[in-house]
Amino acid sequence: MRRLLFLALALPVMSEAQLNRSAREFASEQIHDYIVARLFKDKPYKAISYGEIKSISVPHSPIYWTIDHDFEITDTETAFDKKTVTTKVCRFIFYLDKKMKVLRADSYEVERY
């Protein structure tokens, strides 16, 4: 009886956790494709971390989800016939629609110490 009660309580929690994990993985794939295809073409991209996916409840808004993402972009600059390679750590906040497609991205640079 105790096992049945435990399973009745644990099953919804475990299924919700799996659903959130799958949604986060799908969103991270969509974000990766968006960054590589649209934002930083032809620049090496390295993902650092993905934040938690959060739902937004704003009436009549196409935005349903937000997720934070930290990553590095490697940029080469040429000055006086010398190539210098610099890496920028960026943090983006991605806004996703109901189907987890990227609608908008806001960014700001993170200081590296």
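The values are calculated or read from the model by the stated rules, or taken from the named source; none is laboratory data. Keep in mind that this is a model prediction, so the values were computed, not measured. Here the Cβ positions follow ideal geometry from the backbone for every residue, glycine too, while neighbour counts run over all protein chains shown.
Just to check your reading of the model, which residue among Ser57, Ser61 is exposed (fewer than 10 other Cβ atoms within 10 Å of the Cβ) and closer than 22 Å to Leu103 by Cα? Reasoning before the result, please.
Numbers: Ser61 fails: exposed (fewer than 10 other Cβ atoms within 10 Å of the Cβ).
Exactly one residue qualifies, and that residue is Ser57.
Does Val102 fit the bill of being modelled with pLDDT under 90 and either in contact with a Lys or Arg (Cβ under 9 Å, 6 or more places away or on another chain) or farther than 18 Å from Glu25 by Cα (or both)? Here the answer is no, as Val102 does not meet what is asked. Entry remark, the stretch 78-99: residues being farther than 26 Å from Glu29 by Cα and charged (D, E, K, R) number 3 in total.
The set of residues in the stretch 20-60 being among the hydrophobic types (A, V, I, L, M, F, W, C) and touching a helix residue (DSSP H, G or I) at 6+ places or on another chain (Cβ under 9 Å) consists of Ala47, Ile53. For the stretch 13-51, a residue qualifies if it is at pLDDT 85 or above and of a type in the set (Ser, Thr, Tyr), and the qualifying residues are Ser28, Tyr34, Tyr45, Ser49, Tyr50.
Residue count for the stretch 38-54 satisfying the condition of being in contact with a Ser or Thr (Cβ under 7 Å, 6 or more places away or on another chain) and over 17 Å from Lys99 (Cα atoms): 3.
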